[in-house]
Each structure stands twice: as C-alpha cells, then as structure tokens.
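Notes follow once the structure below has been shown.
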Amino acid sequence: MDQARSAARVDHVISVILVEDDAPTREFLAASLAAGDGILLQASVGTLGEARTVLERCRPSVLVTDLKLPDGHGSELIREVRQRMPETEIMVISVLGDELSVMQAVRAGASGYILKDARPIDLIAAVHDLINGRSPISASIARHIIRQTQAAPPAKAEETPPALTPREMDILWGIAKGFTYNDIAARLGISRQTVPSHIKNIYRKLEVNSRSEAVYTAVERRIIKLSD
C-alpha cells in the first residue's frame, strides 16, 4: 500500500483517495492528482481491502476508483462508500467501458466515469467538476447511459411518482441539465449549502445513490423528459 497522507480535511481543499491496482498507473495518477490545484491526495492504494482500511479513518471529498481490483469489484466499494459517506463524491476511472460495467457503477452510486485514455488534466478537472455538482463522463460512457434511458419501458399507469416538492423538482431539472450547485443556487435564489440537502432528499425519494442514477430514474419513471 502506498503511504497514506494526512487524513485531516480542510474546507477549501478537495481531499481524494485513489484506488488503482496497477502500480505504475497508480503512481502516475497519484502524481497527477497531487499536482492539481486545491487537491490533497490522502492515500493511493491498490486493493479493495486496503481501500476499506484507509476509509475507516478518512472521509474524503472524492473517491476515485478502478473497477477491476485483485480482491473484488470496485462497485462493491462504491456502494459501501455511498451508504456510509453520502457526502463523498465518487468517480470511476477504468479501462472497462462496456455497458454492463458502466451501469453497475452508476447504480452503485458513481457520479462520474472516466476512461483511462483521458489526459492527466482531464482527471484533475473531473475532480473539480464533481465537487461543483457536475458529473464528468467520457463520451462513450454517456452513450451507454442514453441507450439505457431510451430503452426504458413505459411507466405503468398504476405507478405513482414519488412526491417531490416543487423545490426538489427544480433542483432535479438542474441536475439533469448539468448545472453546478452554484448554478442551481443562483437560479433558484437559495443558498449553495442547501442544494446538497435537497439532493439527498431526492435520492431518498427516488431510491437512488447518485446524480446520474437520479436523472436516469426520473426519466425512466416519466418524472421528467430530457427533450423538454
């Protein structure tokens, strides 16, 4: 396991934990992240077990994880972190770009999915995008999600949509349109700090774990239409 760094969180610093099993790739990604403005790399580890150990003492702003790990699948870790640390943003960085892997990670709670062919600067920008309320997703990954949305069966007539408040509906639309937390707050005239609380309520009502899954579920259940 690589040397874990300071576990203390600083308000204006984005703390990151990196999980990548290939040592040269891990070192390269760790160096890229450590060089990013406003980013504190708390730890870089190579297995699911090591990640779990580090996460017992760290609560990162962002978890960046591969999916194919030597002792398990990254989606297990994503699901665990989403349940224990709902405030932590989660991004997958992987060579796995097939539809099954993508949707498994999104449904587990990943808010971003970047293929490993991305340049180092893209990874740094993606981390900042996550913190600002965006969902960084490689173009080919976005196509998988769109196909899944288009293939969704029509909602049954007897199904009752979850009772989202007007404010939650406004915020859900903002998420679907890719607005940042600051954008949503400014458009609705509310505090930026209240936006994550509304989003957590949306997650609970839709029974989802991430922004991407919230939009997918809302479209699938005909709560919103992306063409509107």
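Residues are listed down the side, and each one gets a yes or a no for (1) closer than 15 Å to G112 by Cα; (2) at pLDDT below 80; (3) surrounded by fewer than 17 Cβ atoms within 10 Å (Cβ to Cβ):
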position: I141; (1), (2), (3): yes, yes, no
position: T149; (1), (2), (3): no, yes, yes
position: K156; (1), (2), (3): no, yes, yes
position: A163; (1), (2), (3): no, no, yes
position: N182; (1), (2), (3): no, no, yes
position: S191; (1), (2), (3): no, no, yes
position: K200; (1), (2), (3): no, no, yes
position: R204; (1), (2), (3): no, no, yes
position: A214; (1), (2), (3): yes, no, no
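Condition test on R26, is it basic (K, R), open to solvent by 10 Å² or more (accessible area, probe 1.4 Å) and part of a loop (DSSP other than H, G, I, E, B)? So R26 does not fit the description; no.
Each residue in region 41-87 was checked for being open to solvent by 10 Å² or more (accessible area, probe 1.4 Å), assigned to a helix (DSSP H, G or I) and farther than 23 Å from E207 by Cα, and 4 of them qualify.
Cβ-Cβ distances below 7 Å connect the following pairs, each with a first residue in region 41-60 that is farther than 13 Å from V81 by Cβ, a second residue that is among the polar types (S, T, N, Q) and not in a loop (DSSP other than H, G, I, E, B), and a separation of six or more residues or different chains: Q42/S15.
Looking at I90, is it open to solvent by 10 Å² or more (accessible area, probe 1.4 Å) and of a type in the set (V, I, T)?
So I90 fails the test.
For T47, the conditions (1) over 17 Å from A110 (Cα atoms); (2) modelled with pLDDT under 95 are fulfilled apart from (2).
Taking (1) in a helix (DSSP H, G or I); (2) in contact with a Ser or Thr (Cβ under 8 Å, 6 or more places away or on another chain) in turn, D122 satisfies each apart from (2).
The values are calculated or read from the model by the stated rules, or taken from the named source; none is laboratory data. Being a predicted model, the structure only gives us computed values, none of them experimental. Don't worry about glycine lacking a Cβ; one is built from the backbone with ideal geometry, like all the others, and counts go over all protein chains shown. The accessibility values were calculated without ligands, DNA or RNA, using every heavy atom of the protein model including side chains. Shrake-Rupley method; radii C 1.70, N 1.55, O 1.52, S 1.80 Å.
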